[in-house]
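Visitor: One structure is given below, represented as structure tokens, and several questions about it will come after.
All of the numbers you see were taken from the coordinates with simple rules; none came from a lab. Keep in mind that this is a model prediction, so the values were computed, not measured. Every residue, glycine among them, receives a Cβ derived from its backbone with ideal geometry; neighbour counts consider all protein chains shown.
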Amino acid sequence: MAIRPHFGGSIGRTQAESEPWWPTPVHPGDDAPNVVVILLDDLGFSHFNCFGSDLVTPNVNRLAEGGLRYSNFHVTPLCSPTRAALLTGRNHHTVGMRGISNWNTGFPHMTGKMTEHAATMAEVLRDEGYSTFALGKWHLCPMDEASAAGPYDAWPLQRGFDRYYGFLDGETDQFAPDLCYDNHRVDPPATAAEGYHLSEDLVDKAIEFIHDTTSVRPDRPFFTYLAFGATHAPHQSPPEYLARHRGKYDEGWDVARERWFAKQLELGIIPAETVLAPRNPGVEPWDTLPDAHRALAIKLQEAFGAFLEHTDAQIGRLMDALAELDKLDNTIFVVLSDNGASQEGGPFGVLHEMKFFNFLIETPEEATDRLDEIGGPNSHANYPWGWAQAGNTPFKWYKQNTHEGGVHVPCIVHWPARISDAGGIRPQFHYVTDIAATVYDALGITAPEVYKGLEQFPLSGTSMAYSFDAEAALAPTEHRVQYFEMVGHRAIYADGWKAVTRHTHGVSFDDDQWELYNLSLDPSECNDLAESESTKLAELIELWWAEAEANGVLPLDDRGVELFSVRFGDHLTHSKERRYTYRPPMAPLPAQSAAAVAGRSWELKAAVTRAAGDGGVLYAMGNGNSGFSAFVQNDRLLFDYNCFGDHYVAESVIAVPTGQSEIGVRFERLGRNGRATLVVDGTECGSVEIPFVMQVISSVGASVGYDNGLPVSTRYDNAFPFEGTLHRVDIELLRANKKESAEIAEAQQRSDMTRQ
């Protein structure tokens with residue numbers, strides 16, 4: 001049987017008796033605008049200069065001056081859920097992303113990937129004739145599916161993007177990132193010493209992708225989704241940017257917050273009746289802090305400010321590239337943040353974020369000798385609560401919370417070909433699902449009801465296009481109701497009113513204390529009306545439950561340790577026998593795809609063939625900030641356990657034989673401490689006592705046969721690939737007791753909650 005696609009011509013016995021036919025290519029029209037969506041990470045409402053701060057963002061200011069600032073724009077309180085809602089136009093529970101993509105709870109609202117019953121903007125626009133590009137942070141596939149082994153169904157190219165360049169996890173080192181190009185991993189094109197930085201690389205590739213399509217198909221518009229790692233920790237930027245921010249924040253967060261609040265009032269970004277929210281619990285008055293605390297906080301904020309300015313410069317490069325192509329004016333250019341400023345730096349800030357994940361409180365006094373490293377390749381820093389709340393001015397609370405500090409973010413839309421009210425401010429309530437609805441409306445596209453044979457969830461968002469006209473500056477919002485939920489924290493917005501509660505893990509949801517605010521009069525949630533307007537509060541709580549039912553929010557789930565004990569249970573290891581075999585050459589392994597050695601006992605054996613003098617890395621995990629490496633050097637077997645910059649090194653007392661041998665490490669967890677023993681052909685030949693066993697090693701994964709990224713060990717200064725033949729590396733996880741399993745799960749829970 002002949003199977004042909006639809007053919008509009010006729011086929012006879014010969015060409016002369018036949019009529020050819022060519023299908024008409026799909027094209028959105030000669031005047032169809034390009035679409036660029038730029039998403040920043042952990043950026044608070046006031047951080048852009050044009051939203052109140054005195055941070056340096058001249059290029060974002062250019063977009064605001066030529067477009068519209070949405071001063072009442074909202075998102076989810078975490079990164080993966082916001083990204084899923086942004087790209088699909090549906091609420092995050094509906095599409096399977098209740099929390100971060102690292103989770104899979106076994107319920108439809110948390111699968112770690114976006115359901116195929118919700119087509120992405122990339123899928124819809126590609127079918128309309130657009131070229132589609134994604135760059136930067138993805139974090140929308142399960143991280144145990146992010147290795148070269150796949151599966152790939154939740155990777156960018158399988159969700160509508162023609163090309164991709166970026167990183168799949170929730171964070172990465174800006175100087176030595178874990179990069180993917182399309183469907184495969186690649187090494188960064190340069191090193192930090194050679195001037196490399198990820199943000200610059202992403203924009204280089206964005207411009208390259210755009211040039212590729214406009215040079216060959218200038219008639220075809222493009223959709224570019226650029227999700228910077230900035231300004232998520234680690235806060236890292238080139239040294240010249242760090243130098244420009246020295247001394248800029250010596251006044252502290254109280255003075256900065258008051259000044260930023262005053263500027264917001266002056267700009268009209270917030271209503272005149274807005275009150276500056278009081279300090280969050282744990283945020284101390286700046287003038288009462290000890291000198292060491294202030295010194296650390298200043299350096300951490302300098303790193304953040306430099307990181308943001310450097311990111312802004314890259315946005316400017318992209319804008320200039322579009323202007324050179326004469327495409328900037330007819331590009332729908334959207335800039336927003338995925339959630340409010342991060343609280344993961346704790347009350348003091350952290351020089352090394354992984355210490356926080358390991359329940360180690362790093363005091364400012366301990367960081368004194370390393371302040372000059374902050375912002376550079378050897379730091380993994382995050383600022384303290386005081387600077388985070390300043391970034392969320394005038395609001396209270398932070399990322400993860402459903403109060404305004406967690407969900408109220410800046411948003412700018414720039415489209416000179418359509419927006420005439422350049423520099424205007426739009427106070428209407430809007431939500432992240434509205435971006436897709438706006439793009440579809442602007443392009444005259446109707447989201448498909450069936451896509452690839454699958455019935456689609458209806459869009460949750462409302463188009464913002466009605467607000468583009470000057471006469472609509474004060475028009476009532478068309479997004480009248482929106483629920484919020486994150487790990488039990490809940491809120492509901494309805495016609496200017498908001499009910500909200502901060503949930504405490506383990507407390508009955510029925511016992512949560514709800515607050516009530518009239519946001520039209522009290523945008524910063526300072527006047528709780530729960531008692532005086534109890535009828536209104538009851539009405540909104542009932543509405544929240546109705547919205548939860550309609551959008552797949554249930555069952556409510558505040559699990560932390562329990563959730564991760566499911567994910568990291570023995571039945572979910574890649575090998576049911578708890579053994580892993582790696583055969584190089586192979587791509588680097590994401591942290592959650594590699595053998596789960598953190599916080600437990602394990603054994604590594606490497607089968608090698610070598611000549612005298614052959615050395616190199618057998619297996620490495622982490623990077624120069626924390627990790628471990630097993631390697632051969634000067635004919636000896638070595639193991640370096642890098643515990644946040646403290647190196648515990650074992651070196652074999654015998655030489656590694658030439659020819660074939662089996663060499664490795666036996667790692668024993670002994671309560672809080674540990675011991676690593678070197679083994680050569682079955683003979684123990686060296687050991688080192690380790691005073692603290694890391695329960696979370698690093699957000700950087702593992703590499704076999706070399707050390708990927710910033711070297712773990714100070715005994716070598718590059719990837720140090722193994723020079724002999726590394727036949728295989730076998731890792732066996734030794735069974736942990738119940739206490740150790742709970743500690744591992746809790747540490748991983750803290751780690752993944754903060755890598756958003």
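Visitor: Taking N as the number of residues in region 442-547, what is its alpha-carbon radius of gyration divided by 2.2 N^0.38 Å?
Guide: Relative to the 2.2 N^0.38 Å estimate, region 442-547 comes out at 1.36.
Visitor: Simple spin-label model, 7 Å along Cα-to-Cβ: Met586 to Glu455 in nm?
Guide: Taking the simple label geometry, Met586 and Glu455 are separated by 4.2 nm.
Visitor: Arrange Tyr641, Tyr70, Tyr196 by Cβ neighbour counts within 10 Å, fewest through most, would you?
Guide: Ranked by crowding around the Cβ, least crowded first: Tyr196, Tyr70, Tyr641.
Visitor: What is the packing order of peptides 473-486, 329-342, 22-35, taking the mean over residues of other C-beta atoms within 10 Å and listing the highest first?
Guide: Sorting 473-486, 329-342, 22-35 by mean packing, highest first, produces 329-342, 473-486, 22-35.
Visitor: Students often get this wrong, so check it: of Lys263/Lys299; Lys113/Lys137; Lys137/Lys396; Lys205/Lys299; Lys205/Lys327, which have C-alpha atoms separated by over 22 Å?
Guide: Violating the 22 Å limit, Cα to Cα: Lys263/Lys299; Lys137/Lys396; Lys205/Lys299.
Visitor: Could you please state, rounded to a whole Å, how far the C-alpha centre of region 298-369 is from the C-alpha centre of region 72-131?
Guide: Value for the Cα centre distance between the two parts: 23 Å.
Visitor: Restricting to DSSP loop positions (anything but H, G, I, E, B) with no more than 11 other Cβ atoms inside 10 Å of their own Cβ, which trypsin sites (Lys or Arg not before Pro) remain in region 5-112?
Guide: Of the trypsin sites (Lys or Arg not before Pro), the ones in loops of region 5-112 whose Cβ has at most 11 other Cβ atoms within 10 Å are Arg13.
Visitor: Need the C-alpha centroid separation for region 146-160 versus region 235-292, integer Å.
Guide: 40
Visitor: Is it possible to state the helix-based mean residue ellipticity at 222 nm for the chain, with each DSSP H run of 4+ residues giving -39500 (n - 2.57), the sum divided by total residues, to the nearest 500 deg cm²/dmol? What is it?
Guide: Result for the chain: -7000 deg cm²/dmol, rounded to the nearest 500.
Visitor: For region 34-470, give the share of DSSP beta bridges that are antiparallel, in percent and rounded to the nearest 5; count only bridges with both residues there.
Guide: Of the beta bridges lying entirely in region 34-470, close to 40 percent run antiparallel.
Visitor: Separate question: What are the lysines whose alpha-carbon lies under 21 Å from the alpha-carbon of Lys605, with same-chain residues fewer than 8 places away excluded?
Guide: Lys576
Visitor: List the equivalent ellipsoid semi-axes of region 1-85 in whole Å, largest first, each obtained as the square root of 5λ for an eigenvalue λ of the Cα gyration tensor.
Guide: Calculated on Cα positions only, the semi-axes equal 54, 18, 9 Å.
Visitor: Another question about this same structure. I'd like the trypsin sites (Lys or Arg not before Pro) in region 233-292 restricted to DSSP loop residues with at most 13 other Cβ atoms within 10 Å, sorted by number.
Guide: Of the trypsin sites (Lys or Arg not before Pro), the ones in loops of region 233-292 whose Cβ has at most 13 other Cβ atoms within 10 Å are Arg246.
Visitor: For the chain, just say rounded, prolate or oblate: build the C-alpha gyration tensor, square-root its eigenvalues into a ≥ b ≥ c, call rounded for a/c under 1.5, and beyond that prolate if a/b exceeds b/c, oblate if not.
Guide: oblate
Visitor: With an 8 Å cut-off on Cα pairs and a minimum separation of 6 or more residues, tell me the relative contact order of region 482-558 in percent.
Guide: Normalised by residue count, the contact order of region 482-558 is 29 percent.
Visitor: Between the alpha-carbon centers of region 600-647 and region 439-518, tell me the distance in whole angstrom.
Guide: Spelled out, the Cα-based centre of one part sits 50 Å from the other.
Visitor: Per residue of region 369-378, what does 6.51 cos²θ - 1.76 cosθ + 1.60 with θ = phi - 60° give for ³J(HN,Hα)? Whole Hz please, x for Gly and Pro, Karplus curve as stated.
Guide: Residue by residue, region 369-378 yields 6, 10, 4, 6, 7, 4, x, x, x, 9 Hz.
Visitor: Rounded, prolate or oblate: which fits region 94-137 when a ≥ b ≥ c are the square roots of the eigenvalues of the alpha-carbon gyration tensor, with rounded for a/c under 1.5 and prolate only if a/b beats b/c?
Guide: Judged from the Cα gyration tensor, region 94-137 comes out oblate (a/c at least 1.5, b/c at or above a/b).
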